[in-house]
Structures are given as C-alpha cells and as structure tokens.
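Here the structure is laid out as structure tokens; the discussion comes afterwards.
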Amino acid sequence: MGGLFVGHELARALKVRHLFTERNKDNDAMDLRRGFTLEKGEKFFAVEDIITTGKSVKESIQVLQVMGGVPVGVGCLIDRSGGADKVFDIPVRALATLKVESWEEKDCPLCQQGVPVVKPGSRAKF
C-alpha cells in the first residue's frame with residue numbers, strides 16, 4: 001500500500017498520470033487492473049516505497065512492457081538492496097540507500113539455529 005501512496009503523490013506533484021499494478025490473488029502474478037490502461041510506446045517511471053530485491057518492481061515493469069510500455073527509470077524512498085542500480089538496467093534513484101542483509105532460507109543463520117522467523121509488517125505471516 002505504501003508504494004501506491006508514494007506513486008500517487010509523486011504523479012500528482014509532477015502533474016502526470018498515475019497507474020499501478022497489483023498482485024492477482026488468483027494466480028499470484030502482477031497485473032494491471034481496475035480499468036488502468038497503457039498505450040503502446042508510452043513511457044513510464046516505476047515507483048516503489050521500499051526496494052529490497054527489486055522483484056515486485058521487475059514484475060510490474062514486465063507487465064507494462066508486455067503491453068508495449070517503455071520503462072525509463074525506477075524510483076523509491078528506500079533502497080535496502082545496497083544498490084538497486086545493479087538490479088535494473090534502467091536508471092534508479094532512491095532517497096536513501098541501505099545495505100540490509102538477507103538470506104535464502106537454506107543460508108539463514110537464524111534458521112540454522114532453529115530461531116523462528118517472524119515477518120514484520122501488515123502482511124500475513126508465513
């Protein structure tokens with residue numbers, strides 16, 4: 001939800017059109033819904049609140065590219081990948097960049113110690 005608000009406010013400030021993608025609960029794929037459309041050849045700038053791996057932004061970019069959209073950049077409030085510019089092949093701008101370590105489950109030191117993993121935030125626990 002944070003990315004939605006950030007994108008809306010940025011679009012409003014720049015006086016440009018705002019649209020967003022969301023995860024389809026039926027197939028878990030990112031999708032452009034709610035009547036939003038994109039013209040073939042239309043340029044877009046992808047915005048996210050926080051980028052960790054860049055997966056959601058990449059999925060959103062791919063959805064819009066399939067529709068003929070042309071990505072020109074990525075922006076975020078916080079880049080906690082330590083450098084999202086290495087994740088995307090288009091320009092990336094972040095207000096703050098942090099290096100936050102993350103691991104696959106098999107490599108996680110806490111998992112190896114048997115410490116239960118707790119997911120913070122408003123999404124369902126895994």
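The values are calculated or read from the model by the stated rules, or taken from the named source; none is laboratory data. This one's a predicted model, so the numbers in the text were calculated from it and none came from an experiment. Note that we place each Cβ from the backbone using ideal geometry, even for glycine, and neighbour counts take in every protein chain shown. Calculation scope for accessible area: heavy atoms of the full protein, side chains included, ligands and nucleic acids excluded. Shrake-Rupley method; radii C 1.70, N 1.55, O 1.52, S 1.80 Å.
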**Request:** Tally the residues that are in contact with a helix residue (DSSP H, G or I) (Cβ under 8 Å, 6 or more places away or on another chain) and among the β-branched types (Val, Ile, Thr), restricting the search to the stretch 4-27.
**Result:** 1
**Request:** Identify all residues within the stretch 34-64 that are closer than 25 Å to Gly82 by Cβ and either of a type in the set (A, V, I, L, M) or in contact (Cβ under 8 Å) with a residue 60 or more places away in the chain (or both); write none if there are none.
**Result:** Ala46, Val47, Ile50, Ile51, Val57, Ile61
**So Phe45, is it part of a strand (DSSP E or B) and either modelled with pLDDT under 90 or under 18 Å from the mean Cα position of the chain (by Cα) (or both)** = yes
**Prompt:** From the list Asp31, Asp26, Asp89, which residue is acidic (Asp, Glu) and in contact (Cβ under 8 Å) with a residue 24 or more places away in the chain?
**Reply:** Asp31
**Request:** Could you check how many residues of the stretch 69-126 are hydrophobic (A, V, I, L, M, F, W, C), open to solvent by 70 Å² or more (accessible area, probe 1.4 Å) and modelled with pLDDT of 85 or more?
**Result:** 3
**Prompt:** In the stretch 48-59, how many are open to solvent by 20 Å² or more (accessible area, probe 1.4 Å), modelled with pLDDT under 90 and not hydrophobic (A, V, I, L, M, F, W, C)?
**Reply:** 6
**Request:** Look at the stretch 9-42 and say how many of its residues are open to solvent by less than 80 Å² (accessible area, probe 1.4 Å) and part of a helix (DSSP H, G or I).
**Result:** 4
